[in-house]
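The values are calculated or read from the model by the stated rules, or taken from the named source; none is laboratory data. None of the values given here were measured: they were computed from a predicted structure. So basically every Cβ, Gly included, is an ideal-geometry build from the backbone, and we count neighbours across all protein chains shown.
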Amino acid sequence: MLYQWYEAQRALLSPFAEFASASSKLYSHPLSPFAHTPVSHRVSAGLDLLHRLSKEYEKPEFGITDVNVDGVHVAIQERVELDKPFCRLLRFKRFTDEPEQLQRMKEQPTVLVVAPLSGHHSTLLRETVKMLLHDHKVLITDWTDARMVPVETGAFHLNDYVKYVQEFIRHCGPDVNVISVCQPTVPVLAAVSLMASAGETTPLTLTMMGGPIDARRSPTAVNNLAMNKSYEWFEHNVIHRVPVNYPGAGRRVYPGFLQHSGFIAMNPDRHLRSHYDYFLDLCRGDGESADAHRTFYDEYNAVLDMPAEYYLDTIRTVFQDFALVNGTWDVDGQIVRPQDIRSSALLTVEGELDDISGAGQTRAAHELCTGIPKGRQFHYDALGAGHYGIFSGRRWRENVYPVVRDFIARHQARVEQAATGRAAGRSNGRRRLSAA
């Protein structure tokens, strides 16, 4: 019934949110007589804040229309490459009229970004994608809000997530470079491990950023909650059915509003201070700071529901059984064996101040991937970066991205050199055969 009560509250607040928005404009529009009263700025700011606290936040757009590549602005078109019931694979296609520029872009590495399915939409990685587009062909997983998926479609488990990732990797081809951010580091490592065990070609590089590969290390508040509560507690207390006003009516989900409440509860003082600063910025007429606040919270407050089966599988597999690091994870009868990965290069990235995935949790991947030569294993600590700082913001742009870019380029070049060497060898062999 909790979900139904939440929907009733949202429906009740909706007209008040719209009224607050209209009233705010009444006290701020230059043609309104109310805008010239002594307290108009404060009244308008208070009503605007009330509107933002009570409104519903819908899924944002990526909104990436152009990007600078080698000093040239190129157009971006967002395309759907694959459309699955619980996820779309999006490609950001780059266009230019410069033939030489077009050829250079075609030769750039392909990157598959696996976005987290952990409450927020994939647009949270907008800055990640935007930076990658400078030097790469980019695709990203766009997970579907579970409340929008009809019950008849069936369940979605963690093992299904692994199979989705495998399908996306195969679609991108053997020269793909995979970047996983936060939650997907575990299923991505499982997907690639199973491909390696089956003798399939694995991605050129694996970049894993701020994820719970081994959640026992430096446990955070998120880890402690998952480890200290029983599986049954989660099943009985946080799983609810989607109300009748959505296509997925009746589906069991972990609601996005509960995840959002958990995010807020981790740092309530920080969010309270941020909203108070927003109120002051509006009063002072600091539009730039106010816009920055809106941009962040438009994304942060937009959440999605997760399928109950997937969420509960993750709790048990990742945070309670530690099945990946213990070597007990079974996907359709196949044990996940990261030690079977041999040809891929591995980079792990951690934020010094990460309060979601603690220090050492992502780095643990190196201890599991013993089949990868040490010369192709790398780790980077982003000093001063929190969880979001490793894939968004100034530290991502100035510190983390150059490391990721150079790592991919270095191993892309290694593979290209090896291919050139093999081609030259075949050519020499043909010449020797002709001479004979």
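Within the stretch 115-123, one or more residues are modelled with pLDDT under 95, in contact with a Leu (Cβ under 8 Å, 6 or more places away or on another chain) and of a type in the set (Gly, Ala, Ser). Keeping to the stretch 344-377, report how many residues are in a strand (DSSP E or B), in contact (Cβ under 8 Å) with a residue 60 or more places away in the chain and not hydrophobic (A, V, I, L, M, F, W, C). The total comes to 3.
Looking across the stretch 199-228, the residues that are small (Gly, Ala, Ser), surrounded by fewer than 24 Cβ atoms within 10 Å (Cβ to Cβ) and in contact (Cβ under 8 Å) with a residue 40 or more places away in the chain come down to 218, 221, 226. Taking the listed residues 351, 327, 256, 333, the one that is buried (at least 18 other Cβ atoms within 10 Å of the Cβ) and in the same structural domain as residue 144 (by TED's automatic domain parsing) is 351, with no other qualifying. Contact annotation: residue pairs with Cβ atoms under 9 Å, 6 or more positions apart or on different chains, pairing a residue in the stretch 76-96 that is without any contact (Cβ under 8 Å) to a residue 12 or more places away in the chain and within 27 Å of residue 107 (Cβ to Cβ) with a partner that is surrounded by 14 or more Cβ atoms within 10 Å (Cβ to Cβ) and not hydroxyl-bearing (Ser, Thr, Tyr), are 80/88; 80/89; 80/90; 80/91; 80/142.
The one condition from (1) polar (S, T, N, Q); (2) assigned to a loop (DSSP other than H, G, I, E, B); (3) over 22 Å from residue 120 (Cβ atoms) that residue 183 does not meet is (3). Just one residue in the set 14, 21 is more than 30 Å from residue 101 (Cβ to Cβ), crowded, with 16+ Cβ neighbours inside 10 Å and of a type in the set (Ser, Thr, Tyr); that residue is 21.
For residue 324, the conditions (1) over 22 Å from residue 219 (Cβ atoms); (2) touching a Pro at 6+ places or on another chain (Cβ under 8 Å) all hold with the exception of (1).
Comparison of 332, 355 shows that the only residue that is more than 17 Å from residue 376 (Cβ to Cβ) and more than 22 Å from the chain's Cα centre (by Cα) is 332. All told, residue 56 meets the bar of being surrounded by fewer than 13 Cβ atoms within 10 Å (Cβ to Cβ), charged (D, E, K, R) and under 32 Å from the mean Cα position of the chain (by Cα).
Every residue in the stretch 2-32 that is polar (S, T, N, Q) and more than 22 Å from residue 261 (Cβ to Cβ), please. If the condition is that a residue be polar (S, T, N, Q) and more than 22 Å from residue 261 (Cβ to Cβ), then 21, 23, 24, 28, 32 are the ones that fit.
Let's see how each residue does on (1) closer than 29 Å to residue 222 by Cα; (2) surrounded by fewer than 20 Cβ atoms within 10 Å (Cβ to Cβ); (3) outside the structural domain of residue 203 (by TED's automatic domain parsing):
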| site | (1), (2), (3) |
| --- | --- |
| 136 | no, no, no |
| 143 | yes, no, no |
| 155 | yes, yes, no |
| 174 | no, yes, no |
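Given the criteria touching an Asp or Glu at 6+ places or on another chain (Cβ under 9 Å), over 22 Å from residue 336 (Cβ atoms) and of a type outside the set (A, V, I, L, M), does residue 363 qualify? It is false that residue 363 is touching an Asp or Glu at 6+ places or on another chain (Cβ under 9 Å), over 22 Å from residue 336 (Cβ atoms) and of a type outside the set (A, V, I, L, M). Working only within the stretch 166-180, note down all residues that are without any contact (Cβ under 8 Å) to a residue 60 or more places away in the chain and either farther than 20 Å from residue 78 by Cα or not in a helix (DSSP H, G or I) (or both). Matches in the stretch 166-180: 166, 170, 174.
So that you can scan it fast, the table gives a plain yes or no per residue for (1) in a loop (DSSP other than H, G, I, E, B); (2) closer than 30 Å to residue 210 by Cα:
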| residue | (1), (2) |
| --- | --- |
| 34 | no, no |
| 43 | no, no |
| 61 | yes, yes |
| 81 | no, yes |
| 100 | no, no |
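Only one of the listed residues (69, 129) is within 28 Å of residue 174 (Cα to Cα) and at pLDDT 90 or above. That residue is 129. Considering only the stretch 223-233, I want to know if a residue exists there that is under 30 Å from residue 6 (Cβ atoms) and among the aromatic types (Phe, Trp, Tyr). Yes: the stretch 223-233 contains one or more residues that are under 30 Å from residue 6 (Cβ atoms) and among the aromatic types (Phe, Trp, Tyr).
Here's the yes/no breakdown for (1) at pLDDT below 95; (2) farther than 18 Å from residue 192 by Cα:
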site: 310; (1), (2): no, yes
site: 336; (1), (2): no, no
site: 348; (1), (2): no, no
site: 357; (1), (2): yes, yes
site: 368; (1), (2): no, no
site: 382; (1), (2): no, yes
site: 390; (1), (2): no, yes
site: 403; (1), (2): no, yes
